[in-house]
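J.: Have a look at this one before I ask anything.
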Amino acid sequence: MIEVSGLRCRYGNFEAVRGVDFEVHRGELFALLGTNGAGKTTVLETIEGHRAPAEGRVRVFGVNPARDRRIRSRTGIMLQDSGFAGDLTVAETARLAARMLTRKSDVDGALDALGLDPRRDVRVKQLSGGERRRLDLALALLGEPDLLFLDEPTVGMDPESRRATWELVRGLLRTGTTVLLTTHYLEEAERLAHRLAIMHEGCVAVSGSLVDVLAEHDARIVFTAPEIELPALIGSAMRHESRVEIRTPDLQRDLQTLLNWADGRLDLSGLRAQPASLEEIFQSVREEVPAR
């Protein structure tokens, strides 16, 4: 659905994107993550066809998005800020957006799916920030696009609306829609993404399937115990007073060894075992990749 190869983008003498490569496959959700200023918005704008690359190749549905406008009828775009006309109502805004599309759109269905039907006669300027984001998403879904771009889709939403949006996106994926997501909510990417790329300083620092990316980083076992010699483990243990933290590449094996050793010997108070998280990986990218 999307091919990006050797992509470079410049603003004058500043190179914002420096040789980015990735692909997005049909029916998957690909999360494009990055630190502030990493270049992900520039990459997204290039894929959407709003700018031409300085170097490299970008293809959407097999064509150049900057030159072939036919892709517009097959894509839905949720921007960070759509710049709504505040004096129009929710329904008027949706009908106006639908009239600009070549594909038939179910305005009422889109508003209902995002819980906006009760607010259809409310002026946009009277909506909360979270309601505006839901309207953004409703407009992006008009025309039932094959490819959906979601740029920070749940910013400003309350937890209930965020979870409802996640379920909506999962439903779209089940029907075959392809999604390219950017988000600062790492839990969002962790719950939804099949594959991901983390950008830093204009480059892709980490990429792959969510399972593979998490598997490349150590899991953690944490507990409280008195000073005592631990059993032989694959991972390494660190102690701070009574708190013990074990970093391990094999969570199941070390946890089993630890539990067998502790059985009948002592209580591992506050025991927690968890695999690596995207938050830890994201932080390691910030700390390990040198700035330009």
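The numbers here are math on the coordinates, done by the rules we state, and not lab data. Keep in mind it's a predicted model, so treat the numbers as computed, not measured. Note that we place each Cβ from the backbone using ideal geometry, even for glycine, and neighbour counts take in every protein chain shown.
J.: Mind sorting Val4, Val20, Val107 by how few other Cβ atoms lie within 10 Å of their own Cβ, fewest first? List each step's numbers first, then the result.
T.: Numbers: Val4 23, Val20 26, Val107 20.
So the residues, fewest neighbours to most, are Val107, Val4, Val20.
J.: Still on this model: Any chance you could give the angle, 0 to 90 degrees and rounded to 10, that helix 159-174 forms with the longest Cα principal axis of the chain?
T.: That works out to roughly 80 degrees.
J.: Would you kindly derive the ³J(HN,Hα) couplings of region 28-35 from the backbone phi angles with the Karplus curve 6.51 cos²θ - 1.76 cosθ + 1.60 (θ = phi - 60°), listing them in order in whole Hz, with x for Gly and Pro?
T.: 3J(HN,Hα) across region 28-35, in whole Hz: 10, 9, 10, 9, 9, 10, x, 5.
J.: In degrees, nearest 10, range 0 to 90: what is the angle between the Cα axis of helix 278-288 and the longest Cα principal axis of the chain?
T.: The two axes meet at around 80 degrees.
J.: With unit charges on the beta carbons (Lys and Arg positive, Asp and Glu negative) and the dipole taken about the Cα centre of region 2-214, which residue among Ser207, Leu173, Leu96 sits farthest to the positive side?
T.: Farthest along the dipole direction, towards plus: Leu96.
J.: So, one more: Name the residues whose placed amide hydrogens come within less than 5 Å of the amide hydrogen of Met199, ignoring near sequence neighbours (fewer than 5 apart) on the same chain.
T.: Leu33, Gly34, Thr35, Ala205
J.: A follow-up question, please. Stretched out fully, how many nm does the piece from Asp250 to Asp68 gain, at 0.36 nm a residue minus the Cα gap?
T.: Extra length from Asp250 to Asp68 when fully extended: 60.7 nm.
J.: Now, a different point. Compute the angle between helix 129-141 and the longest alpha-carbon principal axis of the chain, please, reported from 0 to 90 degrees and rounded to the nearest 10.
T.: Helix 129-141 sits at roughly 70 degrees to that axis.
J.: Using helices alone, I'd like the mean residue ellipticity at 222 nm for the chain: each DSSP H run of four-plus residues gives -39500 (n - 2.57), total over residue count, nearest 500.
T.: Working: 9 runs with 90 residues, N = 292.
Using -39500 (n - 2.57) per qualifying helix, the result is -9000 deg cm²/dmol.
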